[in-house]
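First comes the structure, then the notes that go with it.
What follows is calculated from the coordinates using simple rules that are stated; it is not laboratory data. Keep in mind that this is a model prediction, so the values were computed, not measured. Cβ placement follows ideal geometry from the backbone for every residue including glycine, while neighbour counts extend to all protein chains displayed.
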Amino acid sequence: MSTMKFKNQLALVTGASRGIGAATAISLAKEGAHVILTARTAGDLEEVEEHIHSAGGNATIAPLDLTDGDSIGRLATAISDRWDALDIMVLNAAMLGSLGPVTAIDGKEFNNVLTLNLIAQQALIAAFDPMMRKSADARLLAITSSVGRSPRAFWGAYGASKAALETLILSYGEEVRNLGKIRTAIINPGKTRTKMRAHAYPGEDPASVKEPSVVANGMVEILASDFETGKRFDLS
């Protein structure tokens, strides 16, 4: 008898070409899920897909730019044409933007940060809500940051996008709480060895922070648990 936690389930992971997204996709596939990998860079996605296939798992890549207004709708249509239900969605894709004082925030860059970190996330939820409603146990996890709840100097743009994302995800969870079996949760991964972390802390020794696989394994355990919708998890 299989002990795989997500056998015959379908998962969608954004920002799956590297870091936490790639590690989460690999961990979900190890537990039996068919994972749809999305990110902008096709070459990096292909490497993650090959890693999953080499380990005996199943994955499908979908290279796309989430800030392209029509790309999310096209993705949802393509996936729903092949599968009936979406069981797991991990909203991981995000951009840091420049760190600096609120008074010096560049409006164009701030718009780009909000488009990916917030507006695209709402579009993903709206596009895949019909498929999640068809799942017997749909789970949506969104990656946040401590600066979304504890404001920090020079992190205003990124922090604001994450604070808004948390409100969006938790509001959706309340809206569907009594309408079906869709549960939402917020994940703060804490200090993790990612490209974004290295950009924010260029002088930090990468070996001093945990690997993405640690966060991925934590999220797999959360997804496999009977967590209450609206819960916040800190994996620091």
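In table form, for the structure just shown:
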| read-out | value |
| --- | --- |
| Rg(Cα)/(2.2 N^0.38 Å) for the range 1-42, N = residue count | 1.17 |
| Residues of type lysines that K108 reaches as a straight line, Cα spacing below 25 Å, ignoring anything fewer than 8 places off in the same chain | K162, K195 |
| GNM result for the chain, Cα springs below 10 Å: residue of A33, A85, A153 fluctuating most strongly | A153 |
| Normalised contact order of the chain, rounded percent, pairs of Cα under 8 Å and 6 or more residues apart | 19 |
| Size of electric dipole in the range 59-203: Cβ of Lys, Arg +1 and of Asp, Glu -1, about Cα centre, debye, nearest 20 | 580 |
| Rh by Kirkwood over Cα pairs, then Stokes-Einstein D for the chain at 1.002 mPa s and 20 °C, µm²/s | 120 |
| Cα convex hull of the range 70-136 - mean projected area over all directions, nm² | 5.3 |
| Cα-projected label distance for R40 with A78, points at 7 Å along beta-carbon direction, nm | 1.7 |
| Normalised contact order of the range 180-236, rounded percent, pairs of Cα under 8 Å and 6 or more residues apart | 60 |
| Principal axis dimensions, the range 27-73 - Cα atoms, whole angstrom, descending | 34, 19, 12 |
| Intensity falloff of the range 151-221 expressed as log10 I(q)/I(0), Debye formula with alpha-carbon point scatterers, at q = 0.18 Å⁻¹ | -0.90 |
| Normalised per residue, the volume of the convex hull around the Cα set of the range 1-136 (Å³) | 115 |
| For the chain, built as a Gaussian network whose Cα springs stay under 10 Å, the top-fluctuating residue of I79, I26, I143 | I79 |
| Environment charge at S98 (Cβ cut-off 9 Å; Lys +1, Arg +1, Asp -1, Glu -1) | -2 |
